[in-house]
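No value in this document is a laboratory result; all are computed from the given coordinates. Please read these numbers as outputs of a predicted model, since none were measured by experiment. Reconstructed Cβ throughout: ideal geometry from the backbone, glycine too, with neighbour counts over all protein chains shown.
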Amino acid sequence: MPSILVLDLGGCEGCIASIMNSYPKLEKKYDLYISYLGNLNLDREFDFAIVSGPVSLVSSEKIDLLKKVRENSKILVAYGSCASVGGIFLYSKGQNCRFASIGKVVDIDYSIPGCPPASRTIINFLNCIEKKGGRFLELFKALTKYQKLSGFDLIDDVVLTGLCVGCGACTLSCPTEALQLVDGVPDLIVEKCIRCGTCIVRCPKFTQNILR
Ligand code: SF4
Ligand code: SF4
């Protein structure tokens with residue numbers, strides 16, 4: 001069976017909970033290595049490494065760990081907004097609080113933003129890998145290059161460019177209710193946005209646009 005390492009670098013653990021929700025389906029097809037199962041062994045090779053949480057740029061231990069995981073994994077996935085784009089950790093202040101998305105330190109193969117991503121996302125993703133294609137794969141590959149995933153970017157790149165069709169998917173997906181439809185288009189309550197990017201990846205017009 002293909003092996004999967006699930007590693008949290010230090011987020012809120014919502015991403016791990018999202019993966020654990022799919023555990024009954026995952027364990028039928030994959031060998032899983034997760035700290036919660038007590039079987040984390042970082043000295044072996046993995047078919048997939050799914051990494052959540054941001055990387056601390058002042059922790060050589062975390063940076064070395066991430067580099068080792070990269071070396072030992074055929075496919076490395078940034079899972080969740082903190083790993084994909086830095087998320088709320090980008091707002092951290094103080095000398096010892098410098099965080100970044102993991103793609104700033106190592107090459108990543110796929111980026112799955114969300115706060116957290118829906119549990120079924122990991123199953124859909126792995127199914128696409130198995131079938132060697134599909135829209136999910138194209139999107140998650142394209143998102144490795146796209147680092148501006150906040151409510152501001154949704155407004156800038158979708159609403160103000162005239163792409164928005166007022167479907168409301170972004171407002172429904174926002175975990176902090178930072179978006180509301182006003183006169184048929186999303187309006188951002190700036191103070192509530194935690195820069196998770198969930199709204200953008202759920203926006204059909206945004207995804208259609210970057211996959212062109
Ligand atoms: S508006 Fe909401 S969904 Fe979009 S980035 Fe901000 S918190 Fe996340
Ligand atoms: S999901 Fe996209 S198209 Fe739909 S309302 Fe939000 S910005 Fe507009």
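Key figures
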read-out	value
Any helices (runs of 4 or more DSSP H) falling wholly within the range 1-93 and containing at least 2 residues that are out of contact with any Ser or Thr (no Cβ under 9 Å at 6 or more places or on another chain)	23-29, 60-71
Output for the range 2-32, where each listed residue is among the small types (G, A, S) and either more than 19 Å from I129 (Cα to Cα) or buried (at least 20 other Cβ atoms within 10 Å of the Cβ) (or both)	G10, G11, G14, A17, S18
Which numbered condition F140 misses (of (1) under 27 Å from S60 (Cα atoms); (2) part of a helix (DSSP H, G or I))	(1)
Identity of the residue in the range 64-78, among the β-branched types (V, I, T) and buried (at least 18 other Cβ atoms within 10 Å of the Cβ), that ends up farthest from L137 (Cα to Cα)	V69
Any hit, the range 113-133, residues being assigned to a strand (DSSP E or B) and touching a residue at least 24 places away in the same chain (Cβ under 8 Å)	no
Residues of the range 164-206 satisfying the condition of being near ligand 2 (Cβ under 7 Å from one of its atoms) and part of a loop (DSSP other than H, G, I, E, B)	C164, V165, G166, C167, G168, C203
The range 188-209 - residue that is more than 10 Å from ligand 1 (Cβ to nearest atom) and more than 23 Å from A100 (Cα to Cα) and, of those, surrounded by the most Cβ atoms within 10 Å (Cβ to Cβ)	F206
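Per-residue answers, yes or no, for (1) in contact with a helix residue (DSSP H, G or I) (Cβ under 6 Å, 6 or more places away or on another chain); (2) surrounded by fewer than 15 Cβ atoms within 10 Å (Cβ to Cβ); (3) over 30 Å from K28 (Cα atoms); (4) not basic (K, R):
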{"residue": "F136", "(1), (2), (3), (4)": "yes, no, no, yes"}
{"residue": "L139", "(1), (2), (3), (4)": "yes, no, no, yes"}
{"residue": "A142", "(1), (2), (3), (4)": "yes, no, no, yes"}
{"residue": "F152", "(1), (2), (3), (4)": "no, yes, yes, yes"}
{"residue": "C164", "(1), (2), (3), (4)": "yes, no, yes, yes"}
